[in-house]
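Since the structure comes first, as structure tokens, the remarks are kept for the end.
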Amino acid sequence: MSQTTVADATGTPAPSAPPASDRRWWILGIIGIAQLMVVLDATIVNIALPSAQQDLGFTDGNRQWIVTAYALAFASLLLLGGRIADLFGRKPAFLVGVAGFAGASVLGGASTSFGMLVTARALQGVFGALLAPAALSLLNTTFTDAKERAKAFSVYGAIAGAGGAVGLLLGGLLTDALDWRWTLYVNLVFAVAAFIGGWVLLHNHRDAAGSKLDLPGTLLVSAGLFSLVYGFSNAETHDWGSPQTWGFLAAGAVLLFAFAAWQTRAKHPLLPMRVLLDRDRAASFITVLITGAGMFGVFLFLTYYLQLNLGFSPTKTGVAFLPMMAALMVMAQISTTVLVPRIGPKIVIPAGFALAAVGMAWLTGIGLDSGFATHVLPQLLIIGAGLGAVMPPAMALATSGIAAEDAGVASATVNTMQQVGGSIGTALLNTLAASAATSYLAGRNPADKLTQAQATIESYTTAFWWSAGFFAAGAVIAFLLYRRGAVRQDPEAAPVVHM
């Protein structure tokens, strides 16, 4: 990309701003830092929960709200956050999101009560819903060259896929070495780097400046997503037959159906149908949803197994996930820069799903006397490689070829799918795992420690089997939906670079 000049009043060419090629890889760096901050926060606090509970004195029943408050605010406001970035500019959305997330993290770290901590987590979700789509849409509009775009999304997708494991590792290290509060304070380090970099490197552009905010659509989709995520969250603590569960799930479905109907008639729709109707993009949204649901089985239940059954410390548990992260990052680079450009997503993404399904099915072989090196590590490497062939290409294809004015809301849809998928996985796998443990204990002595331990193994392996089923279903769905052949980017349709 050559540097352009502008002639001044005397006719002498005046130097323009530094060419985009000089700063776009630095922009990728700050986007990666911001994305890592948002993604790891979904798991980094989990490891610190026992310490926080002991310090602040809240009950086991209230503990889930530390996680749920973040998820509810984040999921329900993502589409609004994405549209705000399109309407008012990605740079201010990015900077406000980073600063607000940092402020909420400081509030959480300084919490002196349960209510204060829950409020801080909800505020993290609010500002995360503004930051996450702004970051992804910046990536989409910064990298328009096909090869460079593939490299950029391999990095971004690897962060999105491995961020949960990074959170486990960092949470364990900070909790063991310092205090649970530092799992929140650490966000300041990421935020300062992202804010300074964003302030210096980003230029503002309002691609959808001529549009207006779709207020009815915003209210419908926010209420619908809130109800959906809240209903699945209640499934963990209530029975599926409870009105607190099915009532909110039904309300969420009705509200989202009303939102979809309204979008076809709205003059300035929050989520234009053109974003959803592209076949490869729709397939990518579904892929991200399924991946979010299946990955929960890896992170949560395997964390339980490593700590409770193999006796790993929080730090050692985080380290145990490093090989999976490495495999994911290597395969992310190969899949986005080599495989998908040559043979297309119809083969690569289903193959990645199938590989992850094999790894999850193999992981069901764990037992009370299993060792990490023989019964966990090989499976983690396979799962990591499989997810590396799924997540980064799907995220790239979900925003590929999108009009610049829709980049923010398309990016928000990707994040929404991942968040809703995680909520579905949390509810279903927790319920299925608990049922498996209860079924195993039926007719046995529940006071016997060996019986109790085996019941937990049954719960883990049940969750792993269902995760394998999610990935297998993903392989079939992706194969049916994606177009044949390599994806070709139309240079005429490529969005303008606005930084």
* Determine if the range 324-338 includes at least one residue that is among the β-branched types (Val, Ile, Thr), open to solvent by 10 Å² or more (accessible area, probe 1.4 Å) and without any contact (Cβ under 8 Å) to a residue 40 or more places away in the chain. => yes
* Which one of the conditions (1) at pLDDT below 80; (2) more than 17 Å from residue 123 (Cα to Cα) does residue 28 fail to meet, given that it meets all the rest? -> (1)
* **Set 461, 438: member being more than 27 Å from residue 148 (Cα to Cα), in a helix (DSSP H, G or I) and open to solvent by 30 Å² or more (accessible area, probe 1.4 Å)** => 438
* Before we move on, is residue 96 over 20 Å from residue 179 (Cβ atoms) and part of a helix (DSSP H, G or I)? -> yes
* Structure fact -> Among 63, 83, the single one that is of a type in the set (Lys, Arg) and at pLDDT below 70 is 63
* Asked: residue 101 versus (1) open to solvent by 10 Å² or more (accessible area, probe 1.4 Å); (2) in contact (Cβ under 8 Å) with a residue 24 or more places away in the chain; (3) of a type outside the set (Gly, Ala, Ser): which is the lone unmet condition?
  -> (1)
* To do: Might you let me know whether the range 38-48 holds any residue that is open to solvent by 50 Å² or more (accessible area, probe 1.4 Å), closer than 23 Å to residue 419 by Cα and modelled with pLDDT under 80?
  => yes
* Does residue 314 satisfy the condition of being open to solvent by less than 50 Å² (accessible area, probe 1.4 Å) and under 27 Å from residue 86 (Cβ atoms)? -> no
* Structure fact -> Out of (1) small (Gly, Ala, Ser); (2) at positive phi; (3) modelled with pLDDT of 85 or more, the one residue 401 does not meet is (3)
* Structure fact -> When residue 111 is run through (1) over 14 Å from residue 34 (Cα atoms); (2) open to solvent by less than 40 Å² (accessible area, probe 1.4 Å); (3) within 17 Å of the chain's Cα centre (by Cα); (4) modelled with pLDDT of 85 or more, the failure sits at (3)
* Structure fact -> Just one listed residue, out of 372, 353, 321, is aromatic (Phe, Trp, Tyr), more than 16 Å from residue 460 (Cβ to Cβ) and in contact (Cβ under 8 Å) with a residue 60 or more places away in the chain, and it is 353
* Structure fact -> Considering only helices (runs of 4 or more DSSP H) wholly within the range 265-376, the ones with at least 1 residues that are within 20 Å of the chain's Cα centre (by Cα) and farther than 30 Å from residue 220 by Cβ are 314-320, 322-334, 345-363
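The values are calculated or read from the model by the stated rules, or taken from the named source; none is laboratory data. As the structure is a computational prediction, the values presented were derived from the model and not from experiment. Cβ: placed from backbone, ideal geometry, glycine included. Neighbour counts: every protein chain shown. These area figures cover heavy atoms from the full protein model, side chains too; ligands, DNA and RNA do not enter into them. Shrake-Rupley method; radii C 1.70, N 1.55, O 1.52, S 1.80 Å.
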